[in-house]
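Scroll down for the structure; my scribbles are underneath it.
Bear in mind these aren't lab numbers, they're just calculated from the coordinates by the rules spelled out. Being a predicted model, the structure only gives us computed values, none of them experimental. Cβ sites come from the backbone with ideal geometry, for glycine too, and all protein chains shown count toward neighbours.
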Amino acid sequence: MKAIVYSFLPVVLLSATSFGQGIKIVSEASNSVTIEVIPDSIAADTIKSAGQSCLQLYFKGGLSGNNSAGTFMSSFIPVLLGLFSRNVRIRVLQSDYESVEMLPPPRSLSVRSVPESQKVTRFVSFNQPYDLRRHIVSLIKVHPYSYDSTTGTYEMLKKIVFQVTSVGSNVTMENVATDPLLSNALVNYSQVKDAVISRPSALFKTTAITSSVLATGTWYKIAVYQNGIYKLTYDQLKKAGVPVGSIQLNTIRMFNNGGEMLPTDPTAPRPNDLVENAIYVYD
């Protein structure tokens with residue numbers, strides 16, 4: 001039997017983070033925050049994995065993951081923090097744990113599908129800071145236990161206190177409206193609420209046009225359904241009602257913006273008027 005391991009991305013925390021249980025802010029400074037986490041075990045099941053009896057531990061608010069070597073299944077308590085910089089330093093100030101001997105956790109038989117988190121201690125790791133809804137955030141993973149396969153011993157975390165410091169600054173302070181999603185996801189949202197990434201000036205830069213090409217001339221619409229080179233004859237235009245007998249050949253022009261969707265990137269360049277297409281007129 002193959003074991004299927006589900007990897008959870010940080011974005012799922014936006015709708016389901018419950019940091020009121022066992023997670024609290026000890027103190028805040030201008031560029032740092034100190035967090036206390038007390039793991040709360042809720043269940044322990046004996047399961048079979050690769051024909052071996054294993055112990056599956058469950059913790060309140062915990063998510064599934066792998067241990068640092070990617071060999072044993074583990075759990076972690078997610079702590080999503082807002083930062084002032086993409087350069088972060090994490091220091092463990094206190095860790096209380098006890099050693100116990102129990103069955104091993106189940107092994108992971110799947111290939112890791114997400115990048116390895118950076119390890120701070122055996123109880124704490126973190127994902128590299130990333131941008132989320134104009135804020136810089138990092139997912140701190142508190143591992144409620146560490147298993148030593150050579151001794152068959154668990155180190156069960158009772159309490160941990162760690163400090164997260166933003167080194168430098170990649171944000172600006174603005175008076176922004178409360179973000180209902182981040183306010184329920186970031187443990188320290190009140191601290192970083194107004195610390196946002198500056199919007200690129202090009203995002204809101206527009207070039208006003210004083211006159212469109214549509215303002216002058218007589219216009220006819222021609223439908224095109226496939227890519228390619230099209231030929232319009234004298235008879236076709238005349239049949240469509242175009243007064244070809246009175247049109248000067250050097251005045252015929254064609255405009256089209258490609259019939260494509262607008263780019264998803266709001267900073268990507270886009271035409272603000274119809275674009276002239278190359279044509280060949282043969283008499």
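Quick notes on this structure:
- Contour minus Cα-Cα distance for Q118 and V100 (0.36 nm per residue): 3.9 nm
- Coupling constants for the stretch 230-247 follow from the phi torsions by the Karplus curve (6.51 cos²θ - 1.76 cosθ + 1.60, θ = phi - 60°), and in residue order they are 10, 10, 10, 8, 4, 5, 5, 5, 5, 5, 7, x, 7, x, 5, x, 10, 9 Hz; glycine and proline get x.
- Separation of the stretch 242-256 from the stretch 150-192 is 65 Å, based on Cα centroids.
- Label-to-label distance for R91 and I47 is 3.9 nm, based on points extended 7 Å past Cα in the beta-carbon direction.
- Cross-link pairs beyond the 18 Å C-alpha cut-off, checked among K60/K193; K60/K159; K24/K159; K24/K141: K60/K193
- Per-residue extension of 0.36 nm, minus the Cα-Cα distance of V224 and T150, leaves a gain of 19.6 nm for this segment.
- Amide H partners (placed H, <5 Å) of L132, local residues excluded: V137
- Applying the Karplus relation 6.51 cos²θ - 1.76 cosθ + 1.60 with θ = phi - 60° to the stretch 162-173 yields 3J(HN,Hα) values of 9, 10, 10, 10, 7, 9, x, 8, 10, 10, 10, 8 Hz, where x marks Gly and Pro.
- 3J(HN,Hα) couplings calculated from phi for the stretch 91-97 with the Karplus curve 6.51 cos²θ - 1.76 cosθ + 1.60 (θ = phi - 60°) are, in sequence order, 10, 7, 8, 7, 9, 10, 8 Hz; Gly and Pro show x.
- Under 5 Å, built H, 5+ apart or other chain: amide partners of M254: N277
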